[in-house]
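Worksheet: one structure, shown below.
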Amino acid sequence: MTRLAVAGDGAWGTALAHVARRAGHEVALWSREKPDPQVIAGAEAIIMAVPAQALRPVLQRFDLSHGPRLIIAAKGIEQATGRFMNEVAEEVAPGIATLILSGPSFAADVVKGLPTAVTMAGPTFALAKQWGDALSLPQFRVYASDDVRGVEIGGALKNVLAIACGIADGRRLGDSARAALTTRGFAELTRFGRALGARAETLMGLSGLGDLLLTCSSRQSRNYSFGFAIGEGQTAAQAMAAARGVVEGAFTAAIAVKIAHDKGVDMPIAEAVDAIINRGSDPETEIARLLARPSGAEHR
């Protein structure tokens with residue numbers, strides 16, 4: 001039995017605590033509303049299930065002098081710095097091994113014990129497999145990877161693209177449009193990942209294509225539901241106010257587009273989402289802009 005702490009008592013943190021207990025570990029939940037330092041003290045590993053933009057300030061509250069493993073279950077890019085989650089953790093807690101847990105998973109499905117498969121990425125394959133095995137159950141399969149950047153990119157970018165698919169469905173553009181958006185969105189995700197050093201097979205895996213397919217087609221996804229509300233006519237501010245929890249893609253869109261511009265990566269769908277959320281545009285204008293683009297070659 002390993003002593004684990006889960007930082008974040010929302011739906012995802014609660015689901016991961018449930019998994020860890022079923023896997024035979026001693027688990028304690030840490031809450032930002034009722035922070036208890038004893039939950040962190042002595043934990044062999046801390047699962048960080050807080051929103052991506054809260055990762056840095058939450059980590060800064062912890063005494064990590066005992067050197068626990070950090071397993072980050074947040075999906076996003078820090079808006080203020082452009083740092084990925086593992087980079088944020090390494091800045092706050094240098095020298096502590098950081099792993100990333102990501103993949104197609106809804107908290108409600110996990111708690112019900114429905115079959116789910118995710119990826120654990122770490123600085124070495126051996127470490128990723130060790131902690132992946134420690135959290136694996138017959139219905140919660142954890143695959144190992146040493147492509148930390150690739151796993152993080154898939155988790156962050158799919159949230160932005162899910163907003164686009166939600167907008168399209170909210171506008172009643174049809175299943176064919178959603179399929180096209182998902183596919184062309186994956187092409188953007190792949191270009192972005194390639195520019196930042198991710199491996200193609202990682203982006204084709206659970207944390208990339210798998211998570212994209214899930215979040216681009218289900219109202220269980222906060223990002224998709226947020227986009228759907230915008231597509232039905234709400235403003236981004238109205239949709240955000242009505243959202244059930246944090247919409248990670250809304251915070252990731254602008255910084256992802258900035259990084260793409262800096263790297264010379266063409267991401268028209270992500271740009272459209274950013275324009276609607278952050279730059280005062282509207283779905284009709286951005287849909288028209290996307291449809292007016294020359295089709296060109298599919299693969300390049």
Which residues, taken from segment 2-14, are within 12 Å of VAL27 (Cβ to Cβ), assigned to a helix (DSSP H, G or I) and not polar (S, T, N, Q)?
GLY13
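In this structure, does ALA164 turn out to be farther than 30 Å from LEU290 by Cβ and surrounded by 18 or more Cβ atoms within 10 Å (Cβ to Cβ)?
Numbers: farther than 30 Å from LEU290 by Cβ: no; surrounded by 18 or more Cβ atoms within 10 Å (Cβ to Cβ): yes.
No: the conditions fail for ALA164.
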Can you tell me which residue in segment 1-16 is modelled with the lowest pLDDT, limited to those that are farther than 20 Å from ARG56 by Cα and not aliphatic (A, V, I, L, M)?
THR2
I'd like the residue in segment 69-93 that is farther than 20 Å from ALA253 by Cβ and touching a Phe, Trp or Tyr at 6+ places or on another chain (Cβ under 9 Å) and, out of all such residues, is surrounded by the most Cβ atoms within 10 Å (Cβ to Cβ).
ILE71
Of all residues making up segment 34-79, the number that are among the small types (Gly, Ala, Ser), assigned to a loop (DSSP other than H, G, I, E, B) and touching a residue at least 24 places away in the same chain (Cβ under 8 Å)
8
TYR143 meets each of (1) part of a helix (DSSP H, G or I); (2) within 17 Å of the chain's Cα centre (by Cα); (3) among the aromatic types (Phe, Trp, Tyr) with one exception, condition (1)
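Just to be sure I understand, how many residues within segment 30-50 are crowded, with 19+ Cβ neighbours inside 10 Å and either within 24 Å of the chain's Cα centre (by Cα) or charged (D, E, K, R) (or both)?
Of all residues in segment 30-50, those crowded, with 19+ Cβ neighbours inside 10 Å come to 30, 39-40, 43, 45-50.
Those still in the list that are either within 24 Å of the chain's Cα centre (by Cα) or charged (D, E, K, R) (or both) too: 30, 40, 45-50.
Matching residues across segment 30-50 total 8.
Being in a loop (DSSP other than H, G, I, E, B) and modelled with pLDDT under 95, is that true of even one residue in segment 97-105?
First pass over segment 97-105, keeping only residues in a loop (DSSP other than H, G, I, E, B): 97, 103-105.
Imposing the further condition that a residue be modelled with pLDDT under 95 reduces the set to 97.
Taking every residue of segment 97-105 in turn, at least one turns out to be in a loop (DSSP other than H, G, I, E, B) and modelled with pLDDT under 95.
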With respect to GLY264, is the statement that it is assigned by TED's automatic domain parsing to the domain that holds LEU173 and at positive phi true?
yes
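Output yes when any residue across segment 66-75 is under 19 Å from LEU196 (Cβ atoms), among the small types (Gly, Ala, Ser), at pLDDT 95 or above and in contact with a Gly (Cβ under 7 Å, 6 or more places away or on another chain), and no when none is.
no
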Which one is farthest from GLY170 (Cα to Cα) among residues in segment 239-278 that are of a type in the set (D, E, K, R) and touching a residue at least 12 places away in the same chain (Cβ under 8 Å)?
LYS263
Tell me yes or no: at least one residue of segment 189-197 is in contact (Cβ under 8 Å) with a residue 60 or more places away in the chain, aliphatic (A, V, I, L, M) and part of a helix (DSSP H, G or I).
yes
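Could you name every one of the helices (runs of 4 or more DSSP H) located completely within segment 227-285 that has at least 1 residues being among the charged types (D, E, K, R), in contact with a helix residue (DSSP H, G or I) (Cβ under 6 Å, 6 or more places away or on another chain) and surrounded by fewer than 19 Cβ atoms within 10 Å (Cβ to Cβ)? Step through it out loud before you land on a result.
Working: elements: 236-242, 248-263, 268-278.
Where helices (runs of 4 or more DSSP H) fall fully within segment 227-285 and carry at least 1 residues being among the charged types (D, E, K, R), in contact with a helix residue (DSSP H, G or I) (Cβ under 6 Å, 6 or more places away or on another chain) and surrounded by fewer than 19 Cβ atoms within 10 Å (Cβ to Cβ), they are 248-263.
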So if I check each of ALA117, ALA134, ALA108, ALA126, which one is surrounded by fewer than 24 Cβ atoms within 10 Å (Cβ to Cβ) and part of a strand (DSSP E or B)?
ALA117
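The values are calculated or read from the model by the stated rules, or taken from the named source; none is laboratory data. Because the structure is predicted, anything quoted here is derived from the model rather than measured. Positions of Cβ are generated from backbone atoms using ideal geometry, with glycine treated the same way; all protein chains shown enter the neighbour counts.
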